[in-house]
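> Please find one structure pasted underneath; my questions will follow.
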């Protein structure tokens, strides 16, 4: 897969995650553990755009806490608790990086497919899993049952869990249609 195809694939997956996420929001019980424990990667353009669009104090905090990213194609990263988090609220929420906008979805590099998509478990994503199980009900009873068990096990989760659910690309459009009819 060439660079342009990889970029198109990333943009396509980002578009699909945003189409799904518009149906959900973080519950009040969320303690923002995504911002406290996940690595946030930026590409050069995104990092520079964020620096231009936030207040000077936030830009300085971001600059002083960013390191060279280990991920291919990424320029800078924040490791550990995000320094732009105040209590459980992001101080640059409207200008946050794409990785934060996609969360709890994670778009990861894949040698064959270019990128893959997983859903990390957190207070919001268990609701996505509940709907994903409901969507699967008429397609695959085994998968429906597995997702229901997963939902029941994690429905009271109060922080992120390293367990994730792989989201199959071929299901995304149909799942989005299901959510829009719901």
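Where a number appears in this text, it was derived from the coordinates with a stated rule and is not lab data. The structure presented is a predicted model; accordingly, all values stated were derived computationally and were not measured. Every residue, glycine as well, gets a Cβ built from its backbone with ideal geometry; the counts of neighbours run over all protein chains shown.
> Below 8 Å between Cα atoms, with a sequence gap of 6+, how large is the relative contact order for the chain in percent?
25 percent
> Give me the angle, in degrees from 0 to 90, between the Cα long axis of helix 44-53 and the longest principal axis of the Cα atoms of the chain, rounded to the nearest 10.
Here the helix axis deviates by roughly 70 degrees.
> I'd like the distance between the alpha-carbon centres of the stretch 98-112 and the stretch 5-36, rounded to an integer number of Å.
Answer, in whole Å: 8.
> Please build a GNM for the chain, connecting alpha carbons under 10 Å apart, and tell me which residue among 102, 43, 87 fluctuates the most.
87
> Taking the Cα atoms only, what angle lies between the long axis of helix 141-154 and the longest principal axis of the chain, rounded to 10 degrees?
50 degrees
> Quickly estimate the mean residue ellipticity at 222 nm for the chain, helices only: each DSSP H run with n ≥ 4 gives -39500 (n - 2.57), and the total goes over all residues, rounded to 500.
-14500 deg cm²/dmol
> Continuing with the same structure: Taking neighbour counts of Cβ atoms within 10 Å as a proxy for exposure, in what order, fewest first, do 138, 69, 19 appear?
With the sparsest Cβ surroundings first, the list reads 138, 19, 69.
> Taking a ≥ b ≥ c as the square roots of the eigenvalues of the Cα gyration tensor of the stretch 79-182, is the shape rounded (a/c under 1.5), prolate (a/b larger than b/c) or oblate? Don't jump to the answer; show the numbers that get you there.
Details: a/c = 1.91, a/b = 1.50, b/c = 1.27.
Note, shape of the stretch 79-182 comes out prolate.
> Using the alpha-carbon atoms, what tilt in degrees (0 to 90, nearest 10) does helix 3-21 show relative to the longest principal axis of the chain?
70 degrees
> Compute a Gaussian network model of the chain, connecting alpha carbons closer than 10 Å, and tell me which residue from 152, 57, 169 fluctuates the most.
Residue with maximal mean-square fluctuation among 152, 57, 169: 57.
> Could you please rank 178, 163, placing first whichever residue has the fewest other Cβ atoms within 10 Å of its Cβ?
So the ranking, lowest neighbour count to highest, is 163, 178.
> As a footprinting exposure proxy, order 167, 1 by other Cβ within 10 Å, with the fewest listed first.
Ranked by crowding around the Cβ, least crowded first: 1, 167.
> Sticking with this structure for a sec: Please compute P(r) over all alpha-carbon pairs of the chain, binned at 5 Å starting from zero, and give each bin as a whole-number percent.
Percent of pairs per bin, in order: 1, 7, 15, 19, 19, 17, 12, 6, 3, 1, 0.
> Related question: If I build a Gaussian network model for the chain, linking alpha-carbon pairs within less than 10 angstrom, which residue out of 156, 127, 140 has the largest mean-square fluctuation?
Greatest mean-square fluctuation among the candidates belongs to 140.
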